[in-house]
Amino acid sequence: MSNGEEKERAIDLFARHVSRGKVQFFKEAGIEFVMGKREGPYIWDISGEKRLIDCHSNGGVFNLGHRNPEIIETLTESMREFDIGNHHLISKQRALLAEKLYKLTPGNLEYTVFGVGGGEAIDLAIKVARGFTGRPNIISAIGGYHGHTGFALAAGDRKWYEPFGPMVPGFSQVPFNDIDALKGSLDSNTAAVILETIPATYGIEIPRNNYLEEVSKACRENATLLIIDEVQSGLGRTGKLWAIEHFSVTPDILVTGKGLSGGIYPITATCFRKELESVFDRDPFIHVSTFGGAEVGCPVALKVLEISSNADFLDQVNRKAAIFSRGFEKLKEKYPDTLVGLRQLGMMMGIELASPEMGPVFSKAAYESGFLAVYAYNNPSVVQLLPALNIPAELAEEIVARVDNALAILPAIMEALKK
Ligand SMILES: Cc1ncc(COP(=O)(O)O)c(C=O)c1O
């Protein structure tokens, strides 16, 4: 079978057995890309004909690039000795990883429960908050995103859960960066406020005017827990290990995922204060996850933490962040009617375009310009740019040049779409 035929067959099978709608969407968008070879900051189409710089990184899964050799070596080594393990038994691997997380997370998050996906980890965070406080209500941010599982879904945008019938009660949402709205919603029934440090799906909205500090204070005064979702913003993305370290806030619960996998072995973590562990006193088996914290994956997560917390690693993230910010500022001057804003903390970056129609079109222009960039689902005028954190400086310059190209061809694609 030729490469082209192999690709056609993959698309056909995907449409017939995985998702008809996705195939139709990508065909209509002229983005018929089937992921083939992948390495470092790049992904190739299965035909071998097109290479893209991955500036999506699956929301941070590929913070350390695709198929990072150190991660592969760690997993290969781990596979010689371990398997999934037994989620009921005491585990040295989970214990070591939980200790490392305790040492590296802000405040006093002494305990960790592991999961497989971010949604599961958020669900557990909310269970702990409800169980500990004995209160029912959870407040989250409008436009925020925490996953598609039970409680995580209820904490997210209405459009994701509306087709699926009644949600669990007790969830409400307030605008991000509006402290008065949050204070007005807190009451003696509020178990927790859950926020992404930087809401990614809402368009990389950067917290302003001590918002997070004020949220933390208001929560404390109300005996409400603060859950910080670092699934996208954590693990060096913002130039510090955790984005929340940019603010004077110590969360009661911190959730991490995506990049913790090293892009190779799925694992997520819900880290919380010692007192909150009392939720499991009566029945320590009340929450279990068969694959959560699989022993074979724990050394991978340890390696990710070791790499991402290294001071030199974080320095080079900040140096490249400066290249991007200089480059994008220039592009803002060059395209004042198209590029109207920048949202950036370290290498967590969003470029704000003049209209919500432009975001999806920019994604297409990016594809034509050789990079993968996805618009923010809950704010399509913003395009997220999350390249791997370990790219060379020259590649950062090249990405800026390719963004320049995408902005240049954007009007022509917009015009063509109108016809
Ligand atoms: C901020 C945030 N939290 C939670 C999740 C859910 O993670 P998962 O897709 O692994 O369930 C995501 C996924 O994109 C996310 O961006």
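Miscellaneous remarks
- Any hit, region 137-147, residues being of a type in the set (Gly, Ala, Ser) and not in a loop (DSSP other than H, G, I, E, B): yes
- Checked against the criterion of being on the phi > 0 side of the Ramachandran plot and either outside the structural domain of Tyr377 (by TED's automatic domain parsing) or within 17 Å of the chain's Cα centre (by Cα) (or both), region 95-102 contains not a single residue that satisfies it.
- Considering only residues in region 139-162 that are touching a helix residue (DSSP H, G or I) at 6+ places or on another chain (Cβ under 6 Å) and of a type in the set (A, V, I, L, M), the one that is nearest to Ala301 (Cα to Cα) turns out to be Ala152.
- Qualifying residues in region 28-52 (those that are part of a loop (DSSP other than H, G, I, E, B) and at positive phi) - the one farthest from the chain's Cα centre (by Cα): Gly48
- Exactly one residue out of Gly134, Gly107, Gly48, Gly30 is surrounded by fewer than 18 Cβ atoms within 10 Å (Cβ to Cβ), more than 16 Å from the ligand (Cβ to nearest atom) and within 19 Å of Ser233 (Cα to Cα), and it is Gly107.
- Inter-residue pairs, beta-carbon under 8 Å, first without any contact (Cβ under 8 Å) to a residue 40 or more places away in the chain and in region 278-305, second open to solvent by less than 70 Å² (accessible area, probe 1.4 Å) and assigned to a loop (DSSP other than H, G, I, E, B), 6+ apart: Phe280/His287
- Scope region 154-172; condition over 23 Å from Leu124 (Cβ atoms) and within 16 Å of the ligand (Cβ to nearest atom); matching residues: Lys159
- Set side by side, the residues Glu275, Glu245, Glu230 differ, and just one is touching a Ser or Thr at 6+ places or on another chain (Cβ under 7 Å) and charged (D, E, K, R), which is Glu230.
- Flag for Lys332 being crowded, with 21+ Cβ neighbours inside 10 Å and among the charged types (D, E, K, R): no
- Among the residues of region 79-104, just one is part of a loop (DSSP other than H, G, I, E, B), farther than 19 Å from Phe285 by Cβ and open to solvent by less than 60 Å² (accessible area, probe 1.4 Å), namely Phe82.
- In the set (1) touching a helix residue (DSSP H, G or I) at 6+ places or on another chain (Cβ under 9 Å); (2) closer than 27 Å to Leu353 by Cβ; (3) at pLDDT 95 or above, Asn209 fails one condition alone, (3).
- Some residue of region 286-296 being open to solvent by less than 20 Å² (accessible area, probe 1.4 Å), within 20 Å of Leu109 (Cα to Cα) and modelled with pLDDT of 95 or more: yes
- Residue that is nearest to the ligand (Cβ to nearest atom) [pool: residues in region 140-153 that are of a type in the set (A, V, I, L, M, F, W, C), buried (at least 24 other Cβ atoms within 10 Å of the Cβ) and free of Cβ contacts under 8 Å to residues at least 60 places away in the same chain]: Ala152
The values are calculated or read from the model by the stated rules, or taken from the named source; none is laboratory data. This one's a predicted model, so the numbers in the text were calculated from it and none came from an experiment. Don't worry about glycine lacking a Cβ; one is built from the backbone with ideal geometry, like all the others, and counts go over all protein chains shown. The protein model used for the area step is the full one, side chains on, heavy atoms only, and it has no ligands, DNA or RNA in it. Shrake-Rupley method; radii C 1.70, N 1.55, O 1.52, S 1.80 Å.
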